[in-house]
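The values are calculated or read from the model by the stated rules, or taken from the named source; none is laboratory data. From a predicted model like this one, the values you see are computed outputs, not experimental measurements. Methodologically, a virtual Cβ is constructed for each residue, glycine included, from the backbone with ideal geometry; neighbour enumeration extends over all protein chains shown. The protein model used for the area step is the full one, side chains on, heavy atoms only, and it has no ligands, DNA or RNA in it. Shrake-Rupley method; radii C 1.70, N 1.55, O 1.52, S 1.80 Å.
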Amino acid sequence: MLRKVLLLSASAGAGHVRAAQAIEKAFKADGNVDGREVHHLDILNYTNKVFRHLYSKAYIDLVNKLPEVPGWVYDKLDKPWKNERRRLALDKLNTRPLVKLLRGCQPDLIVCTHFLPAEIVSWLKAKERLQSRQVIIVTDFDVHAMWLVHHYEHYFVALDEARAYLEALGIPAQKITVSGIPIDPVFARQKEKHQMRKKHGLEQDRTTILLSAGGFGVGSVDALIASLLPLQHRAQVIAVCGRNEELKARLTKLAGRMKPGSTILLKPFGYTEEMDELMVASDLVLGKPGGLTTSEALAKGLVFVIVNPIPGQEERNSDHLLERAVAIRCNNLPVLSYKIDKLLSDSQRFASMQANARKMGRPNAAKDIVDRITELTK
């Protein structure tokens, strides 16, 4: 029985952290592990201040202001088994508190939902300074070269294509499991659409579009809402603003100017822990295809409308969604309403895309990963 499990994420975007939280919940619901011995750490809290800033705030600023820069870096570094010594030297220099913690902790198992701690753990295992077993959970649909390490026990990936890619790079097939990306177990619970619409004050007979507004830079949300106003189909837009109170106030004011009989209605929400219910109430999700948000939407059978994906991982996620026929993509906001109207006018195509989304979804990924880990570590 595993007695001490350490989950390592990094708050460079919310997805890595949410994946680790999902695994933490699944572990604590599993009878084979004492929940008091499952701990989750954001490894950026164990780095120096400058490095932490570069990994979090500076990255987000670049994504919002110059997205082509992180996209270029992403592609430049995606060369398997190249640049790893240089990158490791930089990471070791900036993660000394993490190294000290790991050597002192010596957990039975380390689960990484970000490539940075996976690399540090692999190095410590190579130097025989750490005896812990390591599993790595890739939190996008593609496997970037930075996820590749030499010392590990298992990889969990989202798609069969990712498994085939790792095998082509020399990773043994028995060390790879296609699990999907872990999401909160609440997304596996069945809830009824009409009930969720009633609970959250939504109309029953409108196409419902979920917009995770907090993920957009300043000004983008207003442009998105304006681009939806010409829709011909009666629709309501759920705009989740997160902790951005200024945005929520602005959208609430805009919603108040819309008449009840308008073709488009707007329903702003602040920070919520009921995203699963809002997804159940929705038909489409509009936004950027991050690994976690996409996996949550697929678990609820939502069709994705992709707008302005971040060059790099989100571009690649987009490719997979389009290839599986679960998404449409809008590159020019002035035609957003046209593209959605065209999709909604073809009920057979829309129903097929919903079915494809449910087929691609992995609502039980977190539990499946924990079950597989338990099997591997007996």
> Taking interchain pairs and intrachain pairs at least six residues apart, which have beta carbon atoms under 8 angstrom, with the first residue in the range 315-326 and on the phi > 0 side of the Ramachandran plot and the second surrounded by fewer than 17 Cβ atoms within 10 Å (Cβ to Cβ) and among the hydroxyl-bearing types (Ser, Thr, Tyr)?
Replying inline: Ala325/Ser352
>> Looking for something among the β-branched types (Val, Ile, Thr), assigned to a loop (DSSP other than H, G, I, E, B) and in contact with a strand residue (DSSP E or B) (Cβ under 7 Å, 6 or more places away or on another chain) - is there at least one such residue anywhere in the range 160-182?
In response: yes
> Given the residues Asp222, Asp283, which is the only one that is closer than 25 Å to His320 by Cβ, out of contact with any Asp or Glu (no Cβ under 8 Å at 6 or more places or on another chain) and among the acidic types (Asp, Glu)?
Replying inline: Asp283
>> With in contact with a helix residue (DSSP H, G or I) (Cβ under 7 Å, 6 or more places away or on another chain) and within 21 Å of Ser179 (Cβ to Cβ) as the only criterion, which of Asp142, Asp91, Asp108 stands out?
In response: Asp142
>> If a residue must be among the polar types (S, T, N, Q) and surrounded by fewer than 22 Cβ atoms within 10 Å (Cβ to Cβ), how many such residues does the range 288-311 contain?
In response: 1
>> For the range 242-287, give me each residue that is open to solvent by 50 Å² or more (accessible area, probe 1.4 Å), under 27 Å from Gln21 (Cβ atoms) and assigned to a loop (DSSP other than H, G, I, E, B).
In response: Arg243, Asn244, Tyr271, Glu273, Glu274
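On the basis of being among the aromatic types (Phe, Trp, Tyr), modelled with pLDDT under 95 and over 20 Å from Phe141 (Cα atoms), does Tyr271 make the cut?
Criteria met by Tyr271.
For Pro185, are the conditions met, namely being within 18 Å of the chain's Cα centre (by Cα) and either open to solvent by 40 Å² or more (accessible area, probe 1.4 Å) or basic (Lys, Arg) (or both)?
Considered against the rule, which asks whether it is within 18 Å of the chain's Cα centre (by Cα) and either open to solvent by 40 Å² or more (accessible area, probe 1.4 Å) or basic (Lys, Arg) (or both), Pro185 comes out as yes.
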> How many residues does the range 88-105 hold that are in contact with a Lys or Arg (Cβ under 9 Å, 6 or more places away or on another chain) and open to solvent by 70 Å² or more (accessible area, probe 1.4 Å)?
Replying inline: 1
>> Against the conditions (1) more than 29 Å from Met360 (Cα to Cα); (2) open to solvent by 50 Å² or more (accessible area, probe 1.4 Å), where does Glu203 fall short? Just the number, please.
In response: (1)
>> Pairs needed: first member in the range 243-255, over 17 Å from Leu228 (Cα atoms); second member anywhere, open to solvent by less than 90 Å² (accessible area, probe 1.4 Å) and modelled with pLDDT of 90 or more; C-beta distance under 7 Å; at least 6 residues apart or different chains.
In response: Lys248/Pro268
>> Return the residues of the range 312-331 that are open to solvent by less than 20 Å² (accessible area, probe 1.4 Å) and part of a strand (DSSP E or B); say none if nothing qualifies.
In response: Ala327, Ile328, Cys330
>> If I go through the range 86-116 residue by residue, how many of them are over 24 Å from His154 (Cβ atoms) and polar (S, T, N, Q)?
In response: 1
>> Which condition from (1) modelled with pLDDT of 95 or more; (2) in a loop (DSSP other than H, G, I, E, B) is the one that Gly217 breaks?
In response: (1)
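Table: residues versus (1) out of contact with any Phe, Trp or Tyr (no Cβ under 7 Å at 6 or more places or on another chain); (2) open to solvent by 50 Å² or more (accessible area, probe 1.4 Å); (3) of a type in the set (Phe, Trp, Tyr).
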| residue | (1), (2), (3) |
| --- | --- |
| Cys112 | yes, no, no |
| Val121 | yes, no, no |
| Ser132 | yes, no, no |
| Val135 | no, no, no |
| Glu153 | yes, yes, no |
| Arg163 | yes, yes, no |
| Lys175 | no, yes, no |
> For the range 1-43, which residues satisfy the criterion of being modelled with pLDDT of 90 or more and of a type in the set (Lys, Arg)?
Replying inline: Arg18, Lys25
> If we scan the range 75-87, do we find a residue that is open to solvent by 30 Å² or more (accessible area, probe 1.4 Å), over 21 Å from Asp42 (Cα atoms), outside any loop (DSSP other than H, G, I, E, B) and touching a His at 6+ places or on another chain (Cβ under 8 Å)?
Replying inline: yes
> In the set Tyr55, Tyr46, which member is modelled with pLDDT under 75, aromatic (Phe, Trp, Tyr) and open to solvent by 30 Å² or more (accessible area, probe 1.4 Å)?
Replying inline: Tyr55
